[in-house]
1. Looking only at region 116-132, decide whether some residue is more than 16 Å from the chain's Cα centre (by Cα), surrounded by 23 or more Cβ atoms within 10 Å (Cβ to Cβ) and assigned to a loop (DSSP other than H, G, I, E, B).
2. Taking region 92-112 as the search range and keeping residues that are assigned to a loop (DSSP other than H, G, I, E, B) and near the ligand (Cβ under 10 Å from one of its atoms), which one is farthest from I182 (Cα to Cα)?
3. Need pairs with beta-carbon distance below 7 Å; first residue small (G, A, S) and within 14 Å of the ligand (Cβ to nearest atom) and within region 120-149, second open to solvent by 30 Å² or more (accessible area, probe 1.4 Å) and part of a strand (DSSP E or B); sequence gap 6+ or separate chains.
4. Among the residues of region 66-83, is any at pLDDT 95 or above and within 16 Å of the ligand (Cβ to nearest atom)?
Amino acid sequence: MKRIAVLASGRGTNLEAILEAVERGSIAGEVALVISDQAAAQALQRAGKRGVKALFINPRDYGGREQYDRAIVDQLKEDRIDLVALAGFMRLLSAYFVNAYPMQIMNIHPSLLPAFPGLDGVEQAFDYGVKVTGCTVHFVDEGLDTGPVILQEAVPVIQHDTVETLHQRIHASEHRLYPTAIDLFCREKLKVEGRRCKIID
Ligand code: GAR
């Protein structure tokens, strides 16, 4: 059984979808740890309610990004984590963190990468006026949303959408896609060759 850590800064609806999928048996792994950089993150409460170990690690207690990331990596090692899933974790990871878990860190991003990376992917796509956007699960490298793509799902932009209604539909899509990608990892079905991530059948 792979041991998964989920890192989240906010509402944690993706965390919830992952926890539900684990409970249903749709992910061949267990969530052993949830970490947040925000004391008030709803994600911490969601984990607590399901009896999952949940920690707030305060960036202000550390001298900079790399020191903070070292503290997180130490915790991940202590809990013998195999996969780190970023779920709305609003911090760029240092090279130290990425190198500690090569191709073992995933992120979910609310656009079809490489379009609209960074903050506010939904709003960027909406403002640009694209007719199709979506979400992407990718491995994390040192760049901003640049690692190998694992899965993507398209979401159409409809005539009367607002950023909020579009984000709701993208969220629904994320809640399907992320558990699927995590399960593929847990079953050792993902093989990265250069930039391409293959799904072994
Ligand atoms: C998700 O839509 C995720 O794609 C996005 O934050 C949201 C978190 O929602 N991530 C990013 O924008 C990363 N750049 P959640 O807290 O309800 O899971």
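The values are calculated or read from the model by the stated rules, or taken from the named source; none is laboratory data. All values derive from a computational prediction rather than experimental measurement. Ideal geometry is used to build each Cβ from the backbone, glycine not excepted, and the neighbour counts take in all protein chains shown. These accessible areas exclude ligands, DNA and RNA; they are computed on the full protein's heavy atoms, side chains included. Shrake-Rupley method; radii C 1.70, N 1.55, O 1.52, S 1.80 Å.
1. Looking for residues that are more than 16 Å from the chain's Cα centre (by Cα), surrounded by 23 or more Cβ atoms within 10 Å (Cβ to Cβ) and assigned to a loop (DSSP other than H, G, I, E, B), one finds at least one in region 116-132, hence yes.
2. Per the stated criteria, the residue is L92.
3. G134/Q152; G134/E153; G134/A154
4. no
Rundown of residues vs (1) in a strand (DSSP E or B); (2) among the hydrophobic types (A, V, I, L, M, F, W, C), yes/no style:
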| position | (1), (2) |
| --- | --- |
| R3 | yes, no |
| V6 | yes, yes |
| G10 | no, no |
| E16 | no, no |
| V22 | no, yes |
| S26 | no, no |
| A47 | no, yes |
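Residues are listed down the side, and each one gets a yes or a no for (1) within 14 Å of the chain's Cα centre (by Cα); (2) surrounded by fewer than 14 Cβ atoms within 10 Å (Cβ to Cβ); (3) over 20 Å from L33 (Cα atoms):
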residue: K77; (1), (2), (3): no, yes, no
residue: L86; (1), (2), (3): yes, no, no
residue: R91; (1), (2), (3): yes, no, no
residue: A100; (1), (2), (3): no, no, no
residue: I105; (1), (2), (3): yes, no, no
residue: P110; (1), (2), (3): yes, no, yes
residue: V140; (1), (2), (3): yes, no, no
